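**Student:** Handing you a structure now.
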């Protein structure tokens, strides 16, 4: 019974940890807008956590510069299992306009398994919520698989 | 057989308790070259002193007998006491027990603590001299004899403060202590002389009979002199900076004696002169004097402690702050108040001893007591950490440790006094006491974070736990802290209430020595009844059940199934979160941890900082000003 | 036989009502109501009322990481000790006429017991070794110091009012305060107690560390302070403790000021207690949360030692002169 309870709860209370990997700040602001009264992601249980130790979903924005890569990987490794990695905006997926730059080490999927990609520059809040909801579902499945 | 029985008669035990300590001191001075001989002699004499004190518990504390002992059987002649007398009532024995316990534990601790020092022979000689001085003072029945003992203990304490004269500031601290301590001793001597001139006697009981009828300008001056003199011994405000310096420099085992026992002798002296010699505690103004100085010591010293960044200096200020509690409670002049104060005196000796020993253990292993250089020792010295935490919780009054029980009584006593006397000032005392208590907690949170938790600096990687002997000594104190915390009813019934009752029975004290006590003012202390109820055992039982239930649930839910680093190199996952950066040493400095509080009080702290200049001339001046004020006060009100 | 029944009864108190189970359910519900209310006040939909339960169970299913720098035993044990202490506090606070352990419910004891959960959190944070925890514990301790003075004044005012009314001059026993209110009506109806009640309402968010007095756990600036290194079940226990602390303080308010509303039927009383706690939470935690920004730590201190203490002091002086 408790296993089921925990599994159910895992999908209903995903806490986000946001990593800026060299983003232009556009996506960061959109992520905050998701928590505003208009979109209110808290109704789905989303909450911004201050420390990676509390997080379930890691949201990465920005093209993952060479400077930020070790920091991003370190912070991701500090998130306890089960965890989900969401890239937000086009940058961490493809490098976007920064692709090919001498200082960009991305895309992120070269280094870690990314669970959800939310494309757009910057993505619409609806798309972000959709992506996060998907991540929450994956989180629940991961927990269910773990046993 | 008869002779042996005569020797083992408990009437002789007070003098034995003093004698064995001095005898040990002299024997070590003579034959203490060998380490084993020295240790055996020291241990024997402190154990014997403890044994004699404990043996007196039954007749004196439980049966209420007052032992009067004329040295060399020189009984009073012609109505005047000529010989030197010992007079042991419940109050004296109470303090003697404290002395014996603290001396015993600190002596056991010394054996391994001092093993890296040279001049151990001199150490033990002085140590036992100091202990004998305190023991002699609290058991004495003669004012001049008290002065002699005060001198012995002051000089021994000064010498021991400077014992580690290679430590920076040790000699300076000893010098300050010497100057102001001598001023205090001189005050006592002059006060004694004035009283002798007025009443032609030095016997405490006879003084108590004669002085209240002789209140004139001279005896008022004597009161002020004696009060200030014993005040320096208790380090109450304005003598607190001396304590800070002395404790910072002295070895930890000596700090235990200075803080736990020497200050108590000052309190004992103050009780003797206010309650017994002058019987002035019935006056609201004298109560005010004690309560005011007590509350001032309490608050000023706790705020001073918050600003310290040296472990032992911090403890020293707390020591005076707790003495402030004792003095305040004693100054309330109610049975509950005195009983609470004496209870706190016991607890102060125990937890302060424990804390100083823990500080000594840290110093012994790491070589420093600077809060900014330490950290994370809990992983290296787990037992010391637990023992320290017991002491820290006790002094901060976290239930169910002993500090809570006595502070709780002090709050009730002061608030009750406020309600009964209708004086709103006593209400302020309750509030100050409560706030001081939480500031004490803050300061010990600081210590536990800066020394035992937080991060371990790399240079402390090779620190080890202290030897078992030192842990054993700390363990005794910790155990006593827990026992006195868990069974407050037993402590009050068998220790503090008899002693407090003795404080309120001047007449038997005078009559035990064969003088006429009919004129003694009868002070009414009221009942020992607390307003609230505090039952630590059932509290602890409930807490244990709750904790057990929660733990069972937690363990069943795989709470302890944690992932932790098992490799010698720390993987990223097990590093601390530094915003993504690599883990590095960034221990928060100890001295300014509570700046949110200090910022609002910056005017006060800056003023205090300027005031505590560290110059001995200033402190001597404070002593003179204090004496002048108290003299003025006593001339007006007494 | 009677001893066994009595022991079972006390065990029932500890485990079910007003102990562990009640604390768990009521505390979490209070927390959920608070979050929902704040959302409504901010024109949001807000999380479901059961959200704290989801959070708690989710955290129970997460991995617990113990950092290499942490002192493991203190790190793991302190959440449990904090929770146990809170359950014990709840046992001491009378539910109108009913007190589980009446002999030891004393307001000074409560005052000190309220320090224990905070202390557990501080030691746990310190044991984690994180510098964020260091900053957090410093702020937490200052918050405790801030709240202590007004809380002391409020409690002394209540002790004096009830004490002079029942003729002992002073009354430190919570169960006697509760009994007095059952007979003579709630204390809040007295003029002298109004400022104290107002002060207590302002103390509640400070003691629980709710917005705007949550400098100690500021998640946006110091990564939730002392909790920065906690993950999984221990973090869940701390979150639970926070919820239970809300319950303890609000029910302490009820016990001190609204004690006259009891019906005498235990089940009904429990329900009433919960409703009142929810109302007080709405008034003192949610409402303040919704329209204020986080204060800096020195502002918190200043606020409590001036405004709130003054309110409490007025009450104490009024009580002193028997109003």
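**Student:** Please report, to two decimal places, log10 I(q)/I(0) for the range C:2-320 at q = 0.13, 0.16 Å⁻¹ as given by the Debye formula with identical point scatterers on the Cα atoms and no solvent.
**Tutor:** Ignoring solvent entirely, the Cα scatterers give -0.95, -1.41.
**Student:** Remind me, relative contact order of chain B in percent, using alpha carbon pairs under 8 angstrom and six or more residues apart? Numbers along the way, then the final one.
**Tutor:** Numbers: 1055 pairs, mean separation 99.2, N = 638.
Relative CO of chain B lands at 16 percent.
**Student:** Round to the nearest 0.05 the FRET efficiency obtained for residue C:2 and residue B:527 when R0 = 25 Å and r is the Cβ-Cβ distance.
**Tutor:** Numbers: r = 34 Å, r/R0 = 1.36.
According to the calculation, E is roughly 0.15.
**Student:** With no solvent and one point on each alpha carbon, what is the Debye value of log10 I(q)/I(0) for the range B:30-98 at q = 0.26 Å⁻¹?
**Tutor:** Values, matching the q order: -1.03.
**Student:** Translational diffusion coefficient of chain B at 20 °C, 1.002 mPa s, Stokes-Einstein with Kirkwood Rh over Cα pairs, in µm²/s as a whole number. Kindly include the intermediate steps, with their values, before the conclusion.
**Tutor:** Working: Rh = 25.2 Å.
Rounded to a whole number, D works out at 85 µm²/s.
**Student:** Here's something else I'd like to know. Over 39 Å apart: what share of the alpha carbon pairs of the protein assembly as shown falls there, rounded to a whole percent? Numbers along the way, then the final one.
**Tutor:** Values: 306555 of 613278 pairs.
Everything past 39 Å amounts to 50 percent.
**Student:** Let me ask something else. Fewest first, what order do B:97, B:632 take by the number of other Cβ atoms within 10 Å?
**Tutor:** Values: B:97 22, B:632 11.
Ascending number of Cβ neighbours within 10 Å: B:632, B:97.
**Student:** Roughly how far apart, in whole Å, are the Cα centres of the range B:1-29 and the range B:334-351?
**Tutor:** 29 Å
**Student:** Could you give the length gained by full extension between residue A:112 and residue A:66, i.e. 0.36 nm per residue of separation minus their alpha carbon distance, to one decimal place? Spell out each step's value before the answer.
**Tutor:** On the way: separation 46, 0.36 × 46 = 16.56 nm, distance 1.51 nm.
Working it through step by step, the gained length comes to 15.1 nm.
**Student:** Which peptide among B:167-176, B:23-32 comes first, and what is the full order, when sorted by highest mean count of other Cβ atoms within 10 Å? Mind showing how you got there, number by number?
**Tutor:** Values: B:167-176: 17.6, B:23-32: 19.2.
Top of the packing list down: B:23-32, B:167-176.
**Student:** Using a 10 Å cut-off around each Cβ of peptide A:33-40, what is the average number of partner chain Cβ atoms that fall inside?
**Tutor:** Values: counts 0, 0, 1, 3, 6, 2, 2, 7.
Partner Cβ neighbours, averaged per residue: 3.
**Student:** Could you tell me the distance between the Cα centroids of the range B:355-415 and the range B:111-137, to the nearest Å?
**Tutor:** 24 Å
**Student:** Only residues of the range A:56-83 count here: report those whose backbone N is under 16 Å from the spot 7 Å along Cα→Cβ of residue C:50, or say none.
**Tutor:** Those under the cut-off are none; the list is empty.
**Student:** Extent of the range B:124-195 along each principal axis, from alpha carbon coordinates, in Å, largest to smallest?
**Tutor:** That gives 42, 24, 12 Å along the principal axes, largest extent first.
**Student:** In addition: Return one quarter of the surface area of the convex hull spanned by the alpha-carbon atoms of the range A:9-142, equal to its mean projected area, in nm². Before the final figure, lay out each step's value.
**Tutor:** Values: hull surface 28.2 nm².
Dividing the Cα hull surface by four gives the mean projection, 7.1 nm².
**Student:** Moving on. Choose one answer from C:196, C:293, C:282: the residue with the largest mean-square fluctuation in a GNM of chain C with alpha-carbon springs under 10 Å.
**Tutor:** Among C:196, C:293, C:282, the largest GNM mean-square fluctuation belongs to C:293.
**Student:** Could you tell me the distance between the Cα centroids of the range C:251-323 and the range A:47-114, to the nearest Å?
**Tutor:** The distance from the Cα centre of the range C:251-323 to that of the range A:47-114 comes to 45 Å.
**Student:** Could you list the residues of the range C:277-313 with an amide nitrogen less than 17 Å from a label point located 7 Å from the Cα of residue B:602 in the Cα-to-C-beta direction?
**Tutor:** C:296-303
**Student:** Length gain on complete extension for the stretch residue B:55 to residue B:285, per 0.36 nm per residue less the alpha carbon to alpha carbon distance? Working shown, then result.
**Tutor:** Details: separation 230, 0.36 × 230 = 82.80 nm, distance 3.91 nm.
Answer, rounded to one decimal: 78.9 nm.
**Student:** Please give the per residue volume of the convex hull enclosing the alpha carbon atoms of the range B:257-338, rounded to a whole number of Å³. Spell out each step's value before the answer.
**Tutor:** Working: hull volume 6.2 nm³, N = 82.
Taking only Cα atoms, the range B:257-338 has a hull volume of 75 Å³ per residue.
**Student:** Another one. May I ask you to derive the FRET efficiency for residue C:11 and residue B:216 from their Cβ-Cβ distance with R0 = 51 Å, giving the value to the nearest 0.05? Intermediate results must be reported in sequence, preceding the final value.
**Tutor:** On the way: r = 69 Å, r/R0 = 1.35.
Efficiency computed from Cβ-Cβ geometry: 0.15.
**Student:** Measure nothing fancy, just the Cα-based angle from helix B:335-366's long axis to the longest principal axis of chain B, in degrees from 0 to 90, nearest 10.
**Tutor:** Approximately 50 degrees, to the nearest ten.
**Student:** Enter the mean number of other protein chain beta carbons within 10 Å of the beta carbon of each residue in C:114-126, as an integer. Before the final figure, lay out each step's value.
**Tutor:** Numbers: counts 0, 7, 4, 0, 2, 8, 0, 0, 6, 7, 1, 3, 12.
Mean shielding count: 4.
**Student:** Could you sort the peptides B:308-319, C:270-281, B:546-557, B:323-334 by per-residue average Cβ neighbour count (10 Å cutoff), highest mean leading? Each step should come with its number before you reach the end.
**Tutor:** Working: B:308-319: 25.3, C:270-281: 19.1, B:546-557: 16.0, B:323-334: 28.8.
So the peptides B:308-319, C:270-281, B:546-557, B:323-334, ranked by packing, come out B:323-334, B:308-319, C:270-281, B:546-557.
**Student:** Pop a pseudo-label 7 angstrom from the Cα along the beta-carbon direction at both residue B:197 and residue A:137 and give the gap in nm to one decimal.
**Tutor:** Here the modelled spin labels are 10.1 nm apart.
**Student:** Still on this structure, please answer the following. Which whole number gives the average count of other chain Cβ atoms within 10 Å of the Cβ atoms across peptide B:403-410?
**Tutor:** Numbers: counts 1, 4, 0, 0, 2, 6, 1, 0.
Neighbouring Cβ atoms belonging to other protein chains average 2 per residue here.
**Student:** How far is helix C:51-60 tilted, in degrees, relative to the longest principal axis of the Cα atoms in chain C, given as a value from 0 to 90 rounded to the nearest 10?
**Tutor:** 50 degrees
**Student:** Same structure again: Taking only the alpha-carbon positions of the range C:1-137 and ignoring solvent, what does the Debye formula give for the base-10 log of I(q)/I(0) at q = 0.09, 0.21 Å⁻¹?
**Tutor:** At q = 0.09, 0.21 Å⁻¹ the computed log10 ratios are -0.39, -1.24.
**Student:** How high is the relative contact order of the range B:274-359, in percent, counting Cα pairs under 8 Å that sit 6 or more residues apart? Mind dumping the intermediate values first?
**Tutor:** Details: 98 pairs, mean separation 24.6, N = 86.
Reported relative contact order: 29 percent.
**Student:** Modelled label-to-label distance, residue C:261 and residue A:121, 7 Å Cα→beta-carbon offset: nm?
**Tutor:** Distance between label points: 5.9 nm.
**Student:** Still on this structure: Output the peptides B:445-451, B:572-578 sorted from most to least packed, where packing is the average of other Cβ atoms within 10 Å over each peptide's residues.
**Tutor:** Values: B:445-451: 26.1, B:572-578: 19.7.
Ranking the peptides B:445-451, B:572-578 by packing returns B:445-451, B:572-578.
**Student:** Could you pull the Cα extents of the range B:572-638 along its three principal axes, largest to smallest, in whole Å?
**Tutor:** Extents along the principal axes, in whole Å: 73, 24, 20.
**Student:** Set the Förster distance to 51 Å, then compute FRET efficiency between residue C:293 and residue B:617 from the Cβ-Cβ distance, nearest 0.05.
**Tutor:** Working: r = 51 Å, r/R0 = 1.01.
The pair residue C:293/residue B:617 has a calculated efficiency of 0.50.
**Student:** Tilt of helix B:217-234 relative to the longest C-alpha principal axis of chain B, in degrees (0 to 90, nearest 10)?
**Tutor:** Compared with the principal axis, the helix lies near 30 degrees.
**Student:** May I ask you to derive the relative contact order of the range A:9-142, considering only C-alpha pairs under 8 Å and at least 6 residues apart, and to give it as an integer percent? Intermediate values should be presented prior to the final figure.
**Tutor:** Numbers: 271 pairs, mean separation 39.1, N = 134.
Taking the mean separation of contacting Cα pairs over the length of the range A:9-142, I get 29 percent.
Computed from the coordinates by the stated procedures, all read-outs in this text should not be read as laboratory data. These numbers were taken from a predicted model, which means no experiment stands behind them. FYI the Cβ positions are ideal-geometry reconstructions off the backbone, even for glycines, and counts take in every protein chain you see.
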